[in-house]
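Heads up, the thing below is written out as structure tokens.
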Amino acid sequence: MMEERINPLKVVGIVLASILGFLLLFGFKTVGTGERAVLVTRGEVTGKLFEEGWYVITPFVQSLRYFDVKSQLDTVKAEAASADLQDVSVELAVQFRIEGDKVADIARTIGTERQLKEKIIDPAVQETTKAATARFVVADIIYHRPSY
């Protein structure tokens, strides 16, 4: 019986094709329109900001944390008390936008976009609602509701 010889060029070609396929599957990232992304290396936010476009990253070592920089609408339920100590429940629509050049700082100090809403936006709406509601009696709040 004759042994079949392994062609070294064929092995090198298979290895290179595998590496290229791996990079194509996991190494290319896209940042869409109205988004910004921050590079995270081994779980640490590097601060490098990516705008719209295609980027190559190191798979399994680096990742991108995405933020939507278009205007967003968030609804927040708030509980407060009126000036005459009556309970008031409101549901507010809050429109906000993340500034694109602040995304790296937000990612480093606060975390994800969801954490921004939970830690900053929602508590600020709650406090503002409490402060505003405490200035009026319930009858005035109900009577003037369409104008608020």
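No lab work stands behind these numbers, since they all come straight from the coordinates. Keep in mind that what you see is a predicted model, and the values were worked out from it rather than measured. We place every Cβ from the backbone using ideal geometry, glycine too, and count neighbours over all the protein chains shown.
Name the residue that is farthest from Gly47 (Cα to Cα), counting only residues in the range 87-139 that are of a type in the set (Asp, Glu) and within 13 Å of the chain's Cα centre (by Cα). Out of the qualifying residues, it is Glu118. Scanning the range 83-90 for residues that are in a strand (DSSP E or B), closer than 29 Å to Phe136 by Cβ and hydrophobic (A, V, I, L, M, F, W, C) turns up at least one hit.
Taking every residue in the range 82-110 that is free of Cβ contacts under 8 Å to residues at least 12 places away in the same chain and pairing it with any residue that is buried (at least 16 other Cβ atoms within 10 Å of the Cβ), at least 6 positions away or on another chain, the pairs with Cβ-Cβ distances below 7 Å are Ile110/Leu116.
Going residue by residue through the range 99-115, is there one that turns out to be on the phi > 0 side of the Ramachandran plot, of a type outside the set (Phe, Trp, Tyr) and surrounded by fewer than 13 Cβ atoms within 10 Å (Cβ to Cβ)?
No.
Any residue in the range 26-42 that is surrounded by 12 or more Cβ atoms within 10 Å (Cβ to Cβ), on the phi < 0 side of the Ramachandran plot, part of a helix (DSSP H, G or I) and not small (Gly, Ala, Ser)? Checking the range 26-42: at least one residue is surrounded by 12 or more Cβ atoms within 10 Å (Cβ to Cβ), on the phi < 0 side of the Ramachandran plot, part of a helix (DSSP H, G or I) and not small (Gly, Ala, Ser). Only a single criterion out of (1) over 20 Å from Arg108 (Cβ atoms); (2) without any contact (Cβ under 8 Å) to a residue 12 or more places away in the chain is not satisfied by Glu44, namely (1).
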